[in-house]
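Report on the following structure.
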Amino acid sequence: MKSLTDGYKLSNGVEIPCIGFGTWQTPNGDVAVSSVFGALEAGYRHIDTAQMYGNEESVGIAVKKSGIDRSEIFITTKLSNSVRGYRQTLDAVEQSLKKLDTAYIDLFLIHWPNPVKFRDRWQEANAETWRALEELYDAGRIRSIGISNFRPHHIEELMKTAKIAPMVNQIRLCPGDTQDEVVDYCRARGMLLEAYSPLGVGKIFEVPEMRKLAEKYGKSVAQICIRWSLQRGYLPLPKSVTPSRIRENTEVFDFELSPEDVRLIADMKGVVGYAADPDTTNF
Ligand SMILES: NC(=O)c1ccc[n+]([C@@H]2O[C@H](COP(=O)([O-])OP(=O)(O)OC[C@H]3O[C@@H](n4cnc5c(N)ncnc54)[C@H](OP(=O)(O)O)[C@@H]3O)[C@@H](O)[C@H]2O)c1
């Protein structure tokens, strides 16, 4: 990868720019519009939002305001935990299309495999939802479909009825939290791994070993994390609402971490905690 517009190729041939701009906890309205607009100005061409973030409208406004051709921007959104089922999913995607003010979504994910609301029947709930997503994919309303926070047992279950395999699994991947079992399982099935919370939701900045590495390479801790993510073959999704950081997080193509340092960062077990267990979350 040499620049923000270089991409990974998904299993269906769709190109996805190698760094996505995160928007979780970015308030809808001015903050979301200006940060997404700023990201597009800084060169990002991939925006990651979700129905549950409540800021799809702002993403849509920022994309329009940028004046960049829609075909050059990759937009991901995700199904709310309150929605499952065939009809309900068709309606929910329609709502996302309206809010994003777009004719199609580049990547649509099931956000969590086992929401509290469907805990007694998540298997059928996901199967029905997936059937709707496959139909929307076939109709060209969604260019690629995937999952998020799914573990192998959730994927096994989904594949019992799926006609199309997920192209992406978006999971928490950051220094010391590499979810090797999930990653190996997904890679063996041709899924791209997207790395959410690549900066440990900001906690990584307190880790002294990371500061030492930053000094060694003459880069910032955030840049080390994002570079590490790319060298591991993940697609990182850094989030920021701060203009200088939005730019800083793009300057990761002018250096390379040694294989020893890539391993060192992976081995910082639990420095910024671990991914939540999707079968016991309370949302
Ligand atoms: N699928 C899922 O379930 C899921 C879950 C979590 C996240 N995600 C996605 O992944 C994205 C990223 O994850 P995240 O939002 O959890 O956290 P993150 O990107 O790991 O960290 C974001 C935090 O780091 C700060 N930051 C960013 N760049 C910085 C820099 N260069 N220097 C210092 N501080 C910096 C940000 O502050 P400021 O914003 O104040 O600048 C913010 O507090 C999300 O926004 C979302 O799109 C998905």
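Computed values, structure above
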read-out	value
Cα-based shape type of the range 55-211, given that a ≥ b ≥ c are square roots of the gyration tensor eigenvalues and the cut on a/c is 1.5	oblate
Volume per residue that the Cα convex hull of the chain spans, once the total is divided by residue count, Å³	118 Å³
Spacing of the two label points (7 Å from each Cα toward its C-beta) at Ser34 and Leu264, in nm	3.8 nm
Length-normalised contact order of the chain in % [C-alpha pairs under 8 Å, at least 6 apart]	19 percent
For the range 230-283: rounded, prolate or oblate by the Cα gyration tensor [a/c cutoff 1.5]	oblate
Approximate shape of the range 140-241 as ellipsoid semi-axes (Cα gyration tensor, √5λ), whole Å, largest first	30, 14, 11
The range 6-57: C-alpha gyration tensor shape, a/c 1.5 cut-off, then a/b vs b/c	oblate
Å² per residue, accessible surface of the chain at 1.4 Å	42 Å²
Measure of compaction for the range 113-199 (Cα Rg per 2.2 N^0.38 Å)	1.11
The chain: DSSP helices with Cα axial extent of at least 30 Å and average Kyte-Doolittle hydropathy no lower than 0.0	none
Mean separation of Cα contacts under 8 Å, 6 or more apart, over the residue count of the range 77-226: relative contact order %	18 percent
Within straight-line cross-link reach of Lys117, lysines at Cα separation under 18 Å, skipping those fewer than 8 residues along the same chain	Lys78
Interchain or long-range residues, amide H under 5 Å from Phe74's placed H	His46, Ile47
Largest-first ellipsoid semi-axes for the range 11-118, taking √(5λ) over the Cα gyration tensor eigenvalues, angstrom	23, 16, 13
Accessible surface of the range 45-162, 1.4 Å probe, proportion on carbon and sulfur as whole %	49 percent
Computed [θ] at 222 nm, deg cm²/dmol, the chain (DSSP H ≥ 4; -39,500 (n - 2.57); rounded to nearest 500)	-11500 deg cm²/dmol
For peptides 216-224, 230-238, sequence by mean Cβ density within 10 Å, most packed first	230-238, 216-224
Peptide ranges 89-95, 245-251, 259-265 listed from the most packed, as the mean C-beta count within 10 angstrom indicates	245-251, 89-95, 259-265
The range 179-283 - Debye-derived log10 I(q)/I(0), Cα point model, q = 0.10, 0.19 Å⁻¹	-0.30, -1.05
Proximal aspartates and glutamates to Lys99, defined as alpha-carbon separation beneath 15 angstrom and excluding residues fewer than eight positions away on the same chain	Asp48, Glu56, Glu57, Asp91
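The values are calculated or read from the model by the stated rules, or taken from the named source; none is laboratory data. It should be emphasised that the depicted structure is a prediction, and the values quoted were computed from it without experimental measurement. Ideal geometry is used to build each Cβ from the backbone, glycine not excepted, and the neighbour counts take in all protein chains shown. Note: areas computed on protein heavy atoms with side chains; ligands, DNA, RNA excluded. Shrake-Rupley method; radii C 1.70, N 1.55, O 1.52, S 1.80 Å.
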